[in-house]
Structure formats: C-alpha cells, structure tokens
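Beneath this line is the structure, given in structure tokens, with notes to follow.
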There are 2 protein chains.
Amino acid sequence: MKIAILGGTGPQGRGLALRFAKSGVDVVLGSRDASRAHEIATELTQLIGGSNGELGVISGTDNEGAVNAADNMVILAVPFSAHNATLTAIKPLLSDKILVDIVVPLAEGNPKAVAMPAEGSATEAAQALLGNEIPVVGALHNVSAHTLNKLDQAINCDILVCGNDLAAKEQVIALIQRLDVAAYNVGPAVNARCVEAITPMLIRLNISKKVPFSHAGLKIWAPST
Amino acid sequence: MKIAILGGTGPQGRGLALRFAKSGVDVVLGSRDASRAHEIATELTQLIGGSNGELGVISGTDNEGAVNAADNMVILAVPFSAHNATLTAIKPLLSDKILVDIVVPLAEGNPKAVAMPAEGSATEAAQALLGNEIPVVGALHNVSAHTLNKLDQAINCDILVCGNDLAAKEQVIALIQRLDVAAYNVGPAVNARCVEAITPMLIRLNISKKVPFSHAGLKIWAPST
C-alpha cells in the first residue's frame, strides 16, 4: 500500500509518515518544493533505521507527483492557509482517490481557537471544493505532532473519523488502525465542525497546564468502572 | 450549599440530583409542575436512603421557586425545546446567580445530530438571552443520564466546562468535582459549539455498537503510555 501525505514536510506530516512507514505502508511526501520533500524523506528514512522489507519506503516529490504515486489515499496535512489552494491544484488528479483531511483551521495567532471557513469546517470546505465525486474523510485532527513523532511510545488516544462516504471512511479507519490506535466513525462531514474544534481545546489544556501531562489527547471511554 | 436543577424531573436532572445530594449538596428540583417536582424529590430521597446529616436534602417546587431557593447556581436541564422559554421566565430571578447550561440541541427525531440555534450553541443562546450580567457556564453535556443514575458506579468520564466568565467557571468546576470527576475549563462560550456537539457523536457510537461498552463518555488523555 502506498499513500501520499501533502504538507508531508511539516511536523504532523512527518510524524504520520514515520508511523505509517513503520507499519509497512509506503509513503510519498508531497510538498510545493520537491527537493525539500526528497530531503525530508531521506531524513525520515534514517530515523526509522533505513529501509527493509518490513518497513514502508518513504520518498518525496512535489504535491502533484505524490498524489499520482498514491494508490488511493491522499492525506492533506498543510496549514489551513494553504488548504484550498492545494486542493484546487490537485483536484484534477484525485479521481478514484480519497482525500483524508487532517487540517484544523486554527485562528491566526491563536492556537486556542478555530476560525472556521464559511462551509463550517475544513473537511466540509474540502468536500465543497472537490465536489461529491471525490470522497473527503476528516481524521487525525486531535493527535499532536509531538505524539506522532515520539516513535518509542504508543499513540494512546483515539481517532475520530467523519465524512459523508461510509466506504471511504472504512478504508481510512483501516489505514489508521495500522498505527495501533482505535479509530471511530463519528458521522457525516458536518461533524468535522466539532472534531476539528476539539484540537484548540486540547491545545488550551496543554497551555493551561491544568492537565497532569502535556500534549493531551482524547479517548472514548466507558463511563462506569 | 443549595443548588437548583430546572427540568429536574427528567432523567439527566434526576441523575444529577442524586449525585449532588450524595455529595452533600442540597438540591431543589424545579419543574413547570411543582407537585410533580415534589413527587420526584420524595422518590429520589428514598433512592439515596432517606436524609441524614451527610446527604444533601432533595426538595421540589416550580422553576421560579427553585431558582429563588438556590444559593447561586442554577442548572438548566430541560429539553432544548423548552430552553429559551424557561430562561425567559426565570431571567428576572437570576441576578447574582450562575446559570449552568447542560442542554444539548439535538435535532428533532435524530439524536445522532445537533440542530444548533442561530447563536451557535445552547450555551451561547442562553448568554445572549440573559445578557452579560448573568454568567452562563456550559457543562455536563457529555455524561449520559444512564451513567448519572447508576449510583453504584463512579462517573468515569471527564466534564468539559466552557463559558465567558472565568470566576463562574471555577465555581462550577468546584461543584462538579464534588462528584469525583475531572472537570476542565475548555475555553469561552463559543466552544460550546464543539462541546455540545460531542454528545450526538457519543450517542452515534452507542447506537452503532462500535465501542465495546454502552453509554460512551469522553476522557482527556495522556497521549503516550
């Protein structure tokens, strides 16, 4: 299996690339700067101890090349400021592929707040921009880059997955489960308004130091002991 | 300490009344029907094993009487359809009190979706209706009535608290902590758009049976083990 991660040179994209490669998935990092993507791919390959038959291969190229190289799942991990422009550029290449949107529209200069687009959320904006033929799945918003990059530790929080296409969500959930985390279908794309907005609340808790750990995550939990 | 719970004869209100009385807080149930509130109060008092010095006293009256009887915290636990009408009726009585809004605007006939009011959330609608002089704190949205009413078991999920008045939030957090649960300040009232919307996602998970337990809750979690 080969996936693309656009914005793959950022902290979130790098962490996901490392985790997926360790789970045996080939990863093509996409960036506006192909040589930068190639450089980061080389660096990440060294971090996971080179390449062998069990690990996935990490490579890097431009965004368009990464989309074309992916089997059928493309993870969008760019800053929100580049969200729509990146989607517009790759839209013609996305037929028969699933766009996995992990972008959180954080307010400019305030990571404790969202500034949602008119469509309601990044995931809904992506679905509106790409049209109904290309399924958009929102996922992986609430797991911190710090956590993703700490390869010696498990990702001990749950992943909420939303979108309007059930079959696409199930494929994305199966992909995420390769990272040894629980991933739950929490409903249609409109629920991304909630899922994306959880991230700044977690960032707020981290900043406030009111939780006895840093880089808080979220778990769906049995209410009674 | 004496609090009021409006809509206190419903399943959420009853569960909260039982839990708070067990923690030593006096609870006045409010209802449009005072005799019904009185009846339920008698029933709940029997459920916790009568009244003694350690338990809080549960009584019942009409909504206005309950607000007047409360020291300074009034929990609003009515269905969303009665949210604004109840607030309009009690507004003149709320000076120097804190309104704790636990209402989730579930879509009519679909508990897996929210139908948010124009203000963005129930908490924001309450704040707009009551004006800035009366602090509104959103809390306790994501803990199921089933869980609250199972008195033999701890409430093993976290409570997210939001609102625009920090001092009011701190009082509400201190109140909730009497139930032996963690309660976190997750920011201003606008974040109720997210916090309230978590409830139908949990209901969806319960209905889907994709979680290995029923009446799912939520926990803020250390990301790494």
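Throughout, read-outs are computed from the coordinates displayed, never taken from laboratory work. In this text, all values refer to a predicted model and were calculated from it rather than measured experimentally. With ideal geometry, Cβ positions are generated from the backbone for all residues, glycine too; neighbour counts draw on all protein chains shown.
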For B:L29, residues with placed amide H under 5 Å, excluding near neighbours: B:I5, B:S59, B:G60, B:T61
Using a 7 Å Cα-to-Cβ projection, A:A154 label spacings across copies, nm, ascending: 2.0
Amide H within-cut-off set for A:V137, under 5 Å, with H built and near neighbours excluded: A:L99, A:V100, A:D101
Sparse-neighbourhood loop sites, GluC sites (Glu not before Pro) in the range A:1-87 - DSSP loop, at most 15 other Cβ within 10 angstrom: A:E54
Stokes-Einstein D (µm²/s) once Rh is taken as the Kirkwood radius of the range A:73-133 over alpha-carbon pairs, at 37 °C in 0.692 mPa s: 274 µm²/s
4 °C / 1.567 mPa s Stokes-Einstein diffusion coefficient of the protein assembly as shown, Kirkwood radius on C-alpha pairs, µm²/s: 56 µm²/s
Antiparallel %, DSSP beta bridges [both residues in chain A], to 5: 15 percent
Pairs of alpha carbons in the range B:33-109 whose separation is greater than 14 Å (percent): 68 percent
Label geometry 7 Å along the beta-carbon vector: A:D33 inter-copy distances in nm: 7.0
Net charge of Cβ neighbours under 12 Å - reference B:M201; Lys, Arg +1; Asp, Glu -1: +2
Share, in percent, of DSSP beta bridges within the protein assembly as shown that are antiparallel, nearest 5: 25 percent
Cleavage-rule hits, GluC sites (Glu not before Pro), the range B:126-218, DSSP coil, Cβ neighbours within 10 Å at most 16: B:E133
Candidate lysines - alpha carbon under 21 Å from B:K112, same-chain residues fewer than 8 apart omitted: A:K169, A:K219, B:K209, B:K210, B:K219
Interchain or long-range residues, amide H under 5 Å from B:G217's placed H: A:W221, A:A222
Inter-label distance, nm, simple model (7 Å from Cα along the C-beta direction), A:A115/A:S35: 3.3 nm
Ratio Rg/Rh [Cα only; Rh per Kirkwood] for the range A:110-225: 0.98
HN-Hα J in Hz across the range B:150-166 - Karplus 6.51, -1.76, 1.60, θ = phi - 60°, x for Gly and Pro: 8, 5, 7, 10, 5, 7, 9, 9, 8, 10, 9, 10, 9, x, 8, 10, 4
Beta bridges per DSSP with both ends in the range B:1-114, % antiparallel, nearest 5: 10 percent
Rg [Å, one decimal], Dmax [Å, integer] - the range B:151-199, C-alpha atoms: 11.5, 35
Proximal charge balance of A:V57 [Cβ under 10 Å; K/R count +1, D/E count -1]: 0
Vicinal HN-Hα couplings computed from phi for the range B:177-192 (Karplus, 6.51 cos²θ - 1.76 cosθ + 1.60; Hz; Gly/Pro x): 4, 5, 8, 6, 10, 7, 10, 10, 6, 10, x, x, 4, 4, 6, 4
Residue-by-residue Karplus 3J(HN,Hα) for the range B:92-98, coefficients 6.51, -1.76, 1.60, Hz, glycine and proline x: x, 9, 8, 5, 6, 10, 10
Label geometry 7 Å along the beta-carbon vector: A:S95 inter-copy distances in nm: 6.9
Spatial separation of Cα centroids for the range A:151-219 and the range B:28-88, in angstrom: 37 Å
